[in-house]
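This report refers to the structure that appears directly beneath it.
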């Protein structure tokens, strides 16, 4: 494909008016450029792409696209320097043009404050089980399954940029691509131009207001993922979610809805927990006036919602009911999501849960779930991340101290902030006195366990499967591995 084809198609620029070349690659990172590449200079938070234009040209870029009006075009021989209104939009348009003749996969996008990882993982594992070629793009990395052989393509804790997403989607043909889609990813154009076939909203509760400022902005940003769905596509919405109607009215797609607790008989599917324990729960699901039961290793009210969402996604893809049920029953909890440890320390038995819950609603739901069937104390270990939404800190403090019997406030990726200042904000509005402050996370967990009694339940919240603490330095520490080590010491 030649650059002249692109500019004639979208801008009616004649090939004689530009320096034509065969397009070998589209890049937004100068280090990835090869001879014949197009380099799009994106202005980011810490770096501006125009500062890397010379590097890109030295590496072989033949066309440079930029939107920074402060950039003064030097005189380069045989190089196209093109100014556009939005480099991000142009990058998405270029990528869509470049990959237009590649085979198309069905693309499933899952968005929501909580539940994205578990819901997408259920769908991924289910499609893998029935031998589909599947790519999973999540905040925890990128992996694929072809002929049931799984390959970890990238292991990161950030959503990849749009160039990587397009490259991964089209590098190999996949039957299905499953993507966790964050609000920041939508706002920053990382999924711009991607044609989703199924979009799912799990829920919208307070998070990322440091980025979006208001809940309305946050919700509207998420709803943008549904705008381009067609009548042939599917939109799946949690009917209980805040802003559910915003999503339902944002698309022409076929609408499927779900809720838990039998709150409405107008939903496509609904479910209820009928038995629960630390290790599993039994749920009843109603669909088309038919009721069936599933015993799942997933626990928690929100995991019922995740199961219902995953069921509707798989149903929309044509997977039969019996297969869906078996896949859900076989599915093991995602690392760091409601992981249960039957701990024996100092001749006493303790129930320990490690979970990623880090929002007010997520923390409330975790504590309330265990309060419903445990008789002994519930002890919570939790903190709040630095350089993130400060408004949720006091809310988390209130929820934890009001619902739990004891709370240990501690470090949770304080980043560039003082952990003591973060904790002072967490406890600023609580009237309870049932908390302790131990900034060292390992020590806080250790004290929570040593001060507990037989059959108490300890909820270690906020970091899930993360293997490090980000403060002034990066400290290697895993909640999961530390809890496991305590059991090993007592075997």
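Each reported figure results from applying straightforward, stated rules to the coordinates on display, with no laboratory input. Since this is a predicted model, take the numbers as computed values, not measurements. Here the Cβ positions follow ideal geometry from the backbone for every residue, glycine too, while neighbour counts run over all protein chains shown.
Can you compute the helix-only [θ] at 222 nm over the chain? Use -39500 (n - 2.57) per DSSP H run of at least 4 residues, normalise by all residues, nearest 500 deg cm²/dmol.
Theoretical 222 nm ellipticity from helices: -9000 deg cm²/dmol.
Could you list, bin by bin from short to long, the percent of Cα-Cα pairs of segment 58-197 in 5 Å steps?
2, 9, 17, 19, 17, 12, 9, 6, 5, 2, 1, 0
Between 0 and 90 degrees, rounded to the nearest ten: what's the tilt of helix 360-371 against the longest Cα principal axis of the chain?
Tilt of helix 360-371: around 30 degrees.
Alpha carbons only, please: Rg and Dmax for segment 289-373, in angstrom.
That works out to 15.5, 52 Å for Rg and Dmax.
If we sort 439-447, 232-240, 320-328 on the protection proxy, mean other Cβ atoms within 10 Å, highest first, what's the order?
232-240, 439-447, 320-328
P(r) for segment 447-491: what percent of alpha-carbon pairs falls in each 10 Å bin, starting at zero?
22, 48, 26, 4
Considering only C-alpha atoms, what is the centroid distance from segment 449-491 to segment 353-418, in Å?
So the two Cα centres are separated by 14 Å.
Given the alpha-carbon gyration tensor of segment 106-330, what are the semi-axes of its equivalent ellipsoid in whole angstrom, ordered largest first, with each equal to the square root of 5 times an eigenvalue?
25, 22, 16
Quick check on packing: order 188-195, 346-353, 283-290 by the mean number of other C-beta atoms within 10 Å, highest mean leading.
Sorting 188-195, 346-353, 283-290 by mean packing, highest first, produces 188-195, 346-353, 283-290.
Quick one: angle between helix 301-316 and the longest Cα principal axis of the chain, in degrees between 0 and 90, rounded to 10, please.
Compared with the principal axis, the helix lies near 40 degrees.
Could you tell me how many degrees, from 0 to 90 and to the nearest 10, lie between the Cα long axis of helix 321-330 and the main elongation axis, the longest principal axis, of the Cα atoms of the chain?
60 degrees
Which value in Å does the Kirkwood hydrodynamic radius of the chain take, with 1/r averaged over all unlike C-alpha pairs and then inverted?
Final number for the Kirkwood radius of the chain is 24.5 Å.
So for segment 339-489, considering every pair of alpha-carbon atoms, how many percent are separated by more than 23 Å?
29 percent
For segment 1-87, what is the per residue volume of the convex hull drawn over the alpha-carbon atoms, in cubic angstrom?
92 Å³
Determine the percent antiparallel among the DSSP beta bridges restricted to segment 106-330, to the nearest 5.
Counting DSSP beta bridges with both partners in segment 106-330, the antiparallel share is about 50 percent.
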